[in-house]
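> There's a structure below that I have some questions on.
The values are calculated or read from the model by the stated rules, or taken from the named source; none is laboratory data. Quick caveat: nothing in here was measured; it's all calculated off a predicted structure. Cβ: placed from backbone, ideal geometry, glycine included. Neighbour counts: every protein chain shown. To get the accessible areas, we keep the full protein, side chains included, count just its heavy atoms, and leave off ligands, DNA and RNA. Shrake-Rupley method; radii C 1.70, N 1.55, O 1.52, S 1.80 Å.
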Amino acid sequence: MGKEITSREADYSQWYIDLVKKADLAENSEVRGCMVIKPYGYSIWEKMQQALDKMFKDTGHVNAYFPLFVPKSMFEAEEKNAEGFAKECAIVTHYRLKNDPSRPGKLMVDPEAKLEEELVVRPTSEAIIWSTYKKWIQSYRDLPLLINQWANVVRWEMRTRLFLRTAEFLWQEGHTAHATAAEAVAETKQMLDVYAEFAETFMAMPVIKGRKSEGERFPGAVDTYCIEAMMQDGKALQAGTSHFLGQNFADAFNVQFTNKEGKLEKVWGTSWGVSTRLMGALIMAHSDDDGLIIPPKLAPIHVVIIPIFKSEEELNKLSVKAEEITKELRKLGLSVKFDNRDTLKPGFKFAEYELKGVPVRIAIGPRDLENGTVEVARRDTKEKKVMQMSSIVAEMPTLLDSIQQTIYDRALKFRDEKITKVDSYEELKRVLDEKGGFVSAHWDGTAETEGRIKDETKATIRCIPLDSVEEDGVCIYSGKPSKQRVLFARAY
RNA sequence: CGGGGUGUAGCGUAGCCCGGUAUCGCGCUUGGUUUGGGACCAAGAGGUCGUCAGUUCGAAUCUGGCCACCCCGACCA
């Protein structure tokens, strides 16, 4: 009884919502489009942050924090970027409330406290950051400037979904400035590699690195790179982006430096980000109808120990062993929970930790005490086996590695099976409808063709894969010559 | 922003057509029995029925307005 989850087959969208809510990751808040990230969900995000933050630091970046508010005139300085986000900006127009004379005890906006200039709540921080960089950069010796910030941003979305698209979300945004275009491009690609490595190593989620078409490019960027992941329902999900900004923001904010020859040059920029959307990706990449499956490297709890007992005396005996194991596992840096609650049956606990995606469960009962064994169950395969109590600690790191690998391999196999090559428009449509996934096809490179295919099939060009080989072909839509296949998919 | 739906205890719901002060399950509290895959018994606590107005002796129920949220679409990370 208790927490029933809609099956993926019955209603994938509802399955996702059930999982988020019932596994205590997040819930809808009183504010439309905004969510409360609950402790269990937040602890997964913290794991992601820790891993990413280390990778950023290892590649020479430092953290800083810039304001939530951006003056409207500053925001609109880079026109394409401003235009791109204009439709979804929250704006602060007043700075004070006052008592409402017509409704005792209630407040109203004080019309006399109107701001001289409206403040845009950042949908992204390029504007405020580049206007600051202008002050920080004078010489080539000030470059490169490699800064990241962890922050919240607001995009007033029409339709929201927990983690995948919320009006306010958490992310990191890296903003770098360089002396040369080549260096900025290298930075853009380096950070794309960092994201891909993070997705694959920590999230156990294979991704395709690629470049966005003009139509899908970040507003204000010269080039946008992305990592694209495949969800279990056959829809693609953009999991991270890295932008080569060219000199667009240097132009808009007049950011120049003196080079070695004493000449003024404009700086080159990049920006890159991943968000709490990764939580949605993590859930939809791996989980099943029984609940979450969290790769060990991101699991808030690695191992849960569940005692099976009839009496308090029995529990006490088991507790001694369980605490011994807990202590030893913790020495290895693992997060262990010993669930000794005496009001719930073991079966209930089993189901609960499966729902929450804890990678390993150890059950220990009177029989085990006699035999010196424990029952070990892994979440990814549901496999259970009896192991020697004496060796369980030593074997745990290997077991967790194996789980991490199995989850990745499974996702990779699924993803690879969901890539289909087609050579005609009819085939593209059929594959999208019947199989889903990525469809690899020739495209003539025009925004017009891309737009028409999008209108007719709801599929977009997810990316032009970086590792794709040049091959002569014809565009499946226009019949014009093409040198490369791109990936189409319906996407989140 | 269009189309649909729903607001009743912490959660999920019945009641609404046909007006008479709210049903059931889960959860919670207390006590007892249980515990190797989602326990059971008993006794309890918990409600401005989204909101405002109207009709009526009487409104969860009828009428009108408003609000909120969810789902589907367009737009988007």
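> Report, by residue number, each residue of region A:165-193 that is surrounded by 22 or more Cβ atoms within 10 Å (Cβ to Cβ) and over 21 Å from A:MET55 (Cβ atoms).
The answer is A:THR166, and nothing else.
> Restricting to region A:354-408, name every residue that is aliphatic (A, V, I, L, M), farther than 20 Å from A:ASN340 by Cα and away from RNA strand B (no atom under 16 Å from the Cβ).
Narrowing region A:354-408 to residues aliphatic (A, V, I, L, M): A:355, A:358, A:360, A:362-364, A:369, A:374, A:376-377, A:386-387, A:389, A:392-394, A:396, A:399-400, A:403, A:407.
Now narrow it down to the ones that are farther than 20 Å from A:ASN340 by Cα: A:386-387, A:394, A:396, A:399-400, A:403, A:407.
A:ALA394, A:MET396, A:LEU400, A:ILE407, listed by residue number.
Yes or no, residue by residue, for (1) without any contact (Cβ under 8 Å) to a residue 12 or more places away in the chain; (2) open to solvent by 60 Å² or more (accessible area, probe 1.4 Å); (3) within 16 Å of RNA strand B (Cβ to nearest atom); (4) of a type in the set (Ser, Thr, Tyr):
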| position | (1), (2), (3), (4) |
| --- | --- |
| A:LYS413 | yes, yes, no, no |
| A:GLU417 | no, yes, no, no |
| A:TYR425 | no, no, no, yes |
| A:GLU434 | yes, yes, no, no |
| A:VAL439 | no, no, no, no |
| A:GLY451 | no, no, yes, no |
| A:ASP455 | yes, yes, yes, no |
| A:THR460 | no, no, yes, yes |
| A:VAL474 | no, yes, no, no |
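Residue-by-condition table, conditions (1) under 29 Å from A:PHE202 (Cα atoms); (2) hydrophobic (A, V, I, L, M, F, W, C); (3) surrounded by 18 or more Cβ atoms within 10 Å (Cβ to Cβ):
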site	(1), (2), (3)
A:LEU344	no, yes, no
A:LYS349	yes, no, yes
A:GLY365	no, no, yes
A:LYS382	yes, no, no
A:ILE392	yes, yes, yes
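> Tell me which residues, restricted to region A:293-318, are free of Cβ contacts under 8 Å to residues at least 60 places away in the same chain, part of a helix (DSSP H, G or I) and crowded, with 18+ Cβ neighbours inside 10 Å.
Matches in region A:293-318: A:LEU318 only.
> Among the residues of region A:367-378, how many are farther than 17 Å from A:GLU323 by Cβ and open to solvent by 20 Å² or more (accessible area, probe 1.4 Å)?
Here is the first cut: in region A:367-378, the residues farther than 17 Å from A:GLU323 by Cβ are A:367, A:370-371, A:373, A:375-378.
Subset that is open to solvent by 20 Å² or more (accessible area, probe 1.4 Å): A:367, A:370-371, A:375, A:378.
Of the residues in that region, 5 qualify.
> So, in region A:154-183, exactly how many residues are assigned to a strand (DSSP E or B) and away from RNA strand B (no atom under 13 Å from the Cβ)? Outline the logic, then answer.
First, pick out the residues of region A:154-183 that are assigned to a strand (DSSP E or B): A:154, A:161, A:165, A:168-178.
Remaining after also requiring away from RNA strand B (no atom under 13 Å from the Cβ): A:174-178.
Counting residues in region A:154-183 that are assigned to a strand (DSSP E or B) and away from RNA strand B (no atom under 13 Å from the Cβ) gives 5.
> Follow-up question, since we're still on this one. Is it the case that region A:110-127 has a residue that's open to solvent by 40 Å² or more (accessible area, probe 1.4 Å), more than 26 Å from the chain's Cα centre (by Cα) and modelled with pLDDT under 90?
Yes, there is a match, as at least one residue in region A:110-127 is open to solvent by 40 Å² or more (accessible area, probe 1.4 Å), more than 26 Å from the chain's Cα centre (by Cα) and modelled with pLDDT under 90.
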